[in-house]
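Okay, so here's the structure we're looking at.
The values are calculated or read from the model by the stated rules, or taken from the named source; none is laboratory data. Quick caveat, the model's predicted, so the values are computed rather than measured. Cβ coordinates were reconstructed from backbone atoms using ideal geometry, including for glycine residues, and neighbour counts include every protein chain displayed. Quick note on the areas: whole protein, heavy atoms, side chains included, nothing else; ligands and nucleic acids left out. Shrake-Rupley method; radii C 1.70, N 1.55, O 1.52, S 1.80 Å.
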Amino acid sequence: MAYRFHIVIISFLLGVALATLFFVSLPTIVWLCLVAFGLMVVATRWSEAPSATHIITISIATIICALGMLRFEVTSWQFGHSVFSSYVGQEVAFSGEVIKEPDVREQTTQLYIKTEDTIVLVSTDKYANIAYGDIVAVKGTIKVPEVFDTELGRSFNYPAYLLVRQVEYQISFADIEILSEDNGNPIVTHLLNIKQLLMGSIETVLTEPQAGLGEGLLLGVKQALGEDLEAAFRTSGIIHIVVLSGHNVMLIVSFILTLLSFLLPKRPRIIVALLAIAGFALLVGLSATVVRASIMASLLLTAQFFGRTNNLMRTLLFAGSLMVFINPYLLIYDIGFQFSFMATLGLVLIAPRFESFISDGFTKFGAREYLIATIATQIAVLPLLLYHIGEVSLVAIIVNVLVLPLVPFSMLVTFMAGAIGLFSTSLALPFSLLAHLGLSYIIDMATFFSSLPLASVKVPPFSPIWILVMYTSIGFGLWRWSTDSMRSVSRVDDWIIEEEEEKKLDAKNAPTTDTLPLFFR
């Protein structure tokens, strides 16, 4: 039964990928479905034939693949109809609503402004006092986003990146006037107000760059690091700690479950944790990484609520396919989604292979788990890293082992310092001192290792076909590893083979945060 689920998910993702990379007309999709359905009907009537089962399976996979193509086709219909298409390169004036939290950069503020028929990315003055939910009047030159080359020689498909965010046009250095305020979703507005208050408090009780790193760890505000420190984090291989992921989400969930364990029974605690996941995802901006982690964490907690086990592989595939179904452009055009999905896949498939090779004595501060997780994720994302970024950190493993054990502590004391600082900076002083020490340690590690000779290596651009070659090689290696392991196990005599059956757990014995998988602990 499990293999059918995998076939359906993989077929759907393959269909979306093919439609993204190649033009597939609607009549072609329809004919593909009809032919596959016809073959399935014939194979069903001749079910005694040896090949009937295989033909039915291939037919179903083909139909699901065609539906993936159709989903991409339907999504693409929303683009290309904007009134701005006739005014590209000209100055325009329009009004719209700011639908996301303003993205404050080094020199500008970027705004996602929704008009009647499209979303426009507008950049304006860094110090513009504009907030989510404001209705604004915009004046500037409308243009279509263009592909550009990165510093490492990679071609970045900026138009596709913006299509993921439903943006077709942009305006740089726009003149903006606020027409009205507080028109957004009231829940999101309150959450963002809380976020701004917390960030302001953190910046009061901590100095830079510690405050910027604290905001990055807690809220994923990568821009708060500054360009130099961000480059050091990237070179040392720990930039992911300020790009919120499953690790950050589950740290927050675990904290809530632990905090409420003294007040509420298990099931009410889980309900509160689910609400906290939704609120946190809205708070930090619903990036692909956060959404993937939030869906997986929610499914895991839901399984615990009903006292059932949870298959991580199926959970990952379901979360990924659900996101792609909602927004098919994610699969090929969103690098963050690709990195998040493959890193988690590495933790599910690769990490268990290394558990028997890493010494059990290497357990101080959880270093063994972090070492295994880092090796697994580095292997899983390496082809994408080489292709998209062109730079690989050679010190990432050791820096992650040295830094990751301190991340939960730093997040906790930074949050406590910021939360208490809202009421009294004097009372927040002990926590701010602890936060300063933890954050300074992380910064020093990143700065020191990034300054080492050959801390990272750069590779020239290459064809995307090599991504397929590299992942095929990794998959073949894992298959051989599994085969060799099974052969060695098969040599052991007197094994007792029992049929595996799905277990139902009593709610009182449902898994706790102590039994969470490696990358959620």
Quick check on my filter: what residues within region 3-17 are of a type in the set (A, V, I, L, M, F, W, C) and either more than 18 Å from Asn157 (Cβ to Cβ) or open to solvent by 60 Å² or more (accessible area, probe 1.4 Å) (or both)?
Phe5, Ile7, Val8, Ile9, Ile10, Phe12, Leu13, Leu14
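Listed here are the residues, each with its yes/no results for (1) in a helix (DSSP H, G or I); (2) without any contact (Cβ under 8 Å) to a residue 24 or more places away in the chain.
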residue	(1), (2)
Gly68	yes, no
Val74	yes, yes
Val92	no, no
Gly133	no, no
Gly140	no, no
Glu146	no, yes
If I filter region 27-37 for residues that are under 28 Å from Asp117 (Cβ atoms) and β-branched (Val, Ile, Thr), do I get at least one hit?
yes
Can you tell me which residue among Leu191, Leu213 is in a helix (DSSP H, G or I), of a type in the set (A, V, I, L, M), open to solvent by less than 10 Å² (accessible area, probe 1.4 Å) and under 28 Å from Met416 (Cα atoms)?
Leu213
Filter region 43-65 down to residues that are exposed (fewer than 14 other Cβ atoms within 10 Å of the Cβ) and part of a helix (DSSP H, G or I), then give me how many there are.
4
Quick check on Cys33: is it assigned to a helix (DSSP H, G or I), closer than 16 Å to Leu317 by Cα and not β-branched (Val, Ile, Thr)?
no
Here the residues within region 94-130 that are outside any strand (DSSP E or B), of a type in the set (A, V, I, L, M, F, W, C) and open to solvent by less than 50 Å² (accessible area, probe 1.4 Å) are Ala128, Ile130
Any idea which residue in region 39-97 is farthest from Tyr3 (Cα to Cα), counting only those that are under 26 Å from the mean Cα position of the chain (by Cα) and of a type in the set (Gly, Ala, Ser)?
Ser76
Matching entry among Glu151, Glu168, Glu181 (being modelled with pLDDT of 90 or more and open to solvent by 20 Å² or more (accessible area, probe 1.4 Å)):
Glu168
Restricting to region 442-459, what's the tally of residues that are open to solvent by 20 Å² or more (accessible area, probe 1.4 Å) and either within 13 Å of Arg234 (Cα to Cα) or under 26 Å from the mean Cα position of the chain (by Cα) (or both)?
10
Does Leu433 fit the bill of being at pLDDT 90 or above, assigned to a loop (DSSP other than H, G, I, E, B) and open to solvent by 40 Å² or more (accessible area, probe 1.4 Å)?
no
Output the number of residues of region 25-35 satisfying the condition of being closer than 22 Å to Ser321 by Cα and either open to solvent by less than 40 Å² (accessible area, probe 1.4 Å) or of a type in the set (D, E, K, R) (or both).
2
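Results for (1) farther than 28 Å from Gly279 by Cα; (2) open to solvent by less than 30 Å² (accessible area, probe 1.4 Å), shown as yes or no for each residue.
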site: Ala160; (1), (2): yes, yes
site: Ser172; (1), (2): yes, no
site: Ile187; (1), (2): no, no
site: Lys195; (1), (2): no, yes
site: Ser201; (1), (2): no, yes
site: Thr204; (1), (2): no, no
site: Glu208; (1), (2): no, no
All conditions in (1) touching a residue at least 24 places away in the same chain (Cβ under 8 Å); (2) within 29 Å of Val284 (Cα to Cα); (3) open to solvent by 70 Å² or more (accessible area, probe 1.4 Å) are true of Val83 except (2)
For region 220-232, indicate whether the set of residues that are part of a loop (DSSP other than H, G, I, E, B), more than 23 Å from Leu251 (Cα to Cα) and either modelled with pLDDT under 90 or open to solvent by less than 20 Å² (accessible area, probe 1.4 Å) (or both) is non-empty.
yes
Residue by residue through region 460-508, note down the ones that are in a loop (DSSP other than H, G, I, E, B), modelled with pLDDT under 75 and surrounded by 12 or more Cβ atoms within 10 Å (Cβ to Cβ).
Leu505
Check on Leu427, open to solvent by 80 Å² or more (accessible area, probe 1.4 Å) and either in a helix (DSSP H, G or I) or farther than 30 Å from Leu152 by Cβ (or both)
yes
Scan region 283-305 and give yes if some residue there is more than 17 Å from the chain's Cα centre (by Cα) and within 30 Å of Tyr112 (Cα to Cα), otherwise no.
no
If you take the residues of region 11-26 that are free of Cβ contacts under 8 Å to residues at least 60 places away in the same chain and either of a type outside the set (Gly, Ala, Ser) or touching a Phe, Trp or Tyr at 6+ places or on another chain (Cβ under 7 Å) (or both), which of them is nearest to Thr62 (Cα to Cα)?
Leu14
Within the group Leu439, Leu402, Leu412, Leu394, which residue is more than 30 Å from Trp466 (Cβ to Cβ), over 20 Å from the mean Cα position of the chain (by Cα) and open to solvent by 70 Å² or more (accessible area, probe 1.4 Å)?
Leu412
Consider region 194-210. How many of its residues are farther than 22 Å from Leu229 by Cα and over 24 Å from the mean Cα position of the chain (by Cα)?
1
Only one of Ile379, Ile350, Ile335 is at pLDDT 85 or above and under 16 Å from the mean Cα position of the chain (by Cα), namely Ile335
The listed residue being hydrophobic (A, V, I, L, M, F, W, C), in contact (Cβ under 8 Å) with a residue 24 or more places away in the chain and in contact with a Gly (Cβ under 9 Å, 6 or more places away or on another chain), out of Leu312, Leu394, Leu382:
Leu394
